[in-house]
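The block underneath contains the structure these notes are about, expressed in structure tokens.
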């Protein structure tokens, strides 16, 4: 029957893994989006790097086949809610890792107020409490198509389907971040951009 197919690595880590600034800012992203570990972060940045490589390749090509591939590529990203309906291939190059993080089921569950935090959202998903339409979804990193976003619900048989469940009580919003936090956010975005640039140039 032959040997089983070898699983290919789905991400590539940073070229300079021990850079202190990178480590600190990656930690912020992991905490902000409730990621399991940095591998989750690298998988997302690798996926974005793949999108950008594909976009650059399509921009450079001409002909009917290239136009067809551009259309299919843009349709895919539009379905995922990553770009607008009128976006061109060049706009894919301006996407950031955060655009992908915001489309994760885990993040959307939190943004919709179904969980107090991204970590709690992850717990609800992994434990099988979340449905998209009639299908149970237990993958926090699932990129939710724009057309499915309104279908995110709790399992009707789960106690969490009750809005009055203690775990669903909405907590007060945290006060606005101070200037120091804002600077951290800027640094964080710069680190993500650095990771993507390394991925694209590989």
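The numbers here are math on the coordinates, done by the rules we state, and not lab data. Here the structure is a predicted model, which is why all the values come from computation and not from measurement. Every residue, glycine among them, receives a Cβ derived from its backbone with ideal geometry; neighbour counts consider all protein chains shown.
Quick notes on this structure:
- This ranking places 85, 137 by how few other beta-carbon atoms lie within 10 Å of each, fewest first, which gives 85, 137.
- The Stokes-Einstein estimate for the stretch 60-108, based on a Kirkwood radius over Cα pairs and taken at 4 °C with 1.567 mPa s viscosity, is a diffusion coefficient of 110 µm²/s.
- For the stretch 97-160, the fraction of alpha-carbon pairs in successive 10 Å shells from zero, as %: 25, 62, 13, 1
- Take the Cα of residue 31, step 7 Å toward its Cβ, do the same at residue 111, and the gap between the two points is 2.2 nm.
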